[in-house]
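Working notes, beginning with the structure itself.
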Amino acid sequence: MRASPHSPRTSRSLLGALLLALATVAAVLAAAPAAHADTLICEQYGSTTIQGRYVVQNNRWGTSAPQCVTATDSGFRVTQADGSAPTNGAPKSYPSVFNGCHYTNCSPGTNLPAQVSGIASAPSSISYGYVGDAVYNASYDIWLDPTPKKDGVSRTEIMIWFNKVGPIQPIGSQVGTASVGGRTWQVWTGSNGSNDVISFVAPSAVASWSFDVMDFVRNTVSRGMAQNNWYLTSVQAGFEPWQNGAGLAVNSFSSAVNLGTPGTGDPGGPGDPVTACKVTYATNVWTGGFTADVTVANTGSTPVDSWKLSFTLPSGQRLTNAWNATVSGASGAVTATGLAHSARIAAGASQTFGFQGTYSGTFSQPSGFSLNGARCA
């Protein structure tokens with residue numbers, strides 16, 4: 001093939017343009033943020049860290065059949081769940097994400113174990129993804145022990161059943177119902193031979209919820225199944241599958257433990273972890289009602305994306321409407337999420353939202369503000 005003739009100047013011009021284009025592409029690629037690759041875990045007790053503060057674990061203990069989970073930026077999904085277990089016995093595994101300590105594996109930066117009497121609030125948020133072709137429960141576990149235990153099984157296990165599919169039931173027997181966190185639950189108690197178990201079972205599936213873990217802890221203490229001088233050792237969210245389970249997912253999970261005097265919002269001592277944020281809560285209160293303007297300031301040096309502010313409303317308060325944010329939960333544990341145009345809080349900047357509500361008794365401000373799972377000043 002005969003080459004087309006080019007003058008030296010034309011060739012140099014084309015070469016220069018090509019080099020400039022390549023340099024521009026390289027600069028764009030260098031500036032683009034690196035995508036976070038999902039992590040596949042198939043080892044029986046394999047785990048990984050997400051968000052720099054939670055641990056995702058495969059935790060296959062009741063079957064020798066393969067099970068794999070894929071850890072994402074915000075949670076995990078079950079990608080393989082072979083084998084089955086009799087529905088009148090124990091499940092085959094508990095793939096989960098947790099804050100705290102599980103068999104000496106402690107999540108980064110956790111302040112667990114922490115004594116129950118020294119916890120002001122423990123706001124948490126969970127979003128599940130369900131499937132219909134499996135037998136399982138969606139279980140949120142809260143572990144309590146008389147000692148600050150980091151290894152082995154704690155004395156009392158609190159299980160919150162957000163959903164159950166198939167002919168399965170909690171350990172023990174139903175002892176009644178209870179209202180916790182503004183919801184009604186069936187209450188079951190029993191023992192699995194290794195630890196006491198109290199289960200709060202939702203009458204119908206709950207896909208997502210923001211709540212205060214301490215509401216369930218206090219109910220358990222009131223039943224004599226734990227004491228205020230015991231320790232909260234971990235909180236975990238995941239699934240107990242008996243049959244199949246591929247496709248189940250924890251879409252998102254957040255957990256914070258705010259140390260201090262319960263009910264006061266006292267942030268605790270100077271050694272307690274605080275994220276780089278500050279919350280200003282301005283109210284207008286009248287008899288039986290109030291409005292609040294909440295400003296979330298990012299006092300750090302890096303932006304906060306997809307912000308979520310979690311807090312606990314005092315007893316007797318209920319939200320009726322909100323603006324400049326999406327607010328989930330009308331009483332008890334509440335989470336405000338930035339809208340599409342306000343999802344980022346730049347370093348040194350702030351976002352403001354507000355809401356209106358009603359109250360009974362004496363008006364007081366919320367406790368335990370947490371931004372994306374970490375406590376604010």
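Each reported figure results from applying straightforward, stated rules to the coordinates on display, with no laboratory input. Every value quoted in this text rests on a predicted model; they were computed, and no experiment measured them. Backbone-built Cβ (ideal geometry, glycine too); neighbour counts: all protein chains shown.
Structure notes:
- Residue-normalised convex hull volume from the C-alpha trace of the chain: 199 Å³ per residue.
- Share of pairwise Cα-Cα distances greater than 26 Å in the stretch 39-259 is 29 percent (whole percent).
- For Y140, the shell of other residues with beta-carbons less than 14 Å away shows a net charge of -3, using +1 for Lys and Arg and -1 for Asp and Glu.
- Local electrostatic count at T233 - Lys and Arg +1, Asp and Glu -1, tallied over other residues with Cβ under 12 Å: -1
- Each Lys or Arg adds one and each Asp or Glu takes one away; over the other residues whose Cβ falls under 13 Å from the Cβ of F253, this sums to +1.
- Whole-Å distance, taken between Cα centres, linking the stretch 151-169 and the stretch 202-232: 12 Å
- Note on the chain: GNM, Cα springs under 10 Å; of Q44, Q236, Q67, the largest mean-square fluctuation is that of Q44.
- Counting neighbouring Cβ atoms within 10 Å and putting the fewest first, the residues K278, K92 line up as K278, K92.
- Set of aspartates and glutamates near K150 by C-alpha distance (under 20 Å), chain-local residues within fewer than 8 positions excluded: D141, D196, D272
- The GNM of the chain, with springs linking C-alpha atoms under 10 angstrom apart, assigns the highest mean-square fluctuation among S47, S204, S121 to S204.
- Calculated FRET efficiency for the pair A349/T177, C-beta based, R₀ 41 Å, to 0.05: 0.35
- A simple charge model with +1 on the Cβ of Lys and Arg, -1 on the Cβ of Asp and Glu and nothing else charged puts the dipole of the chain at about 820 debye relative to its Cα centre.
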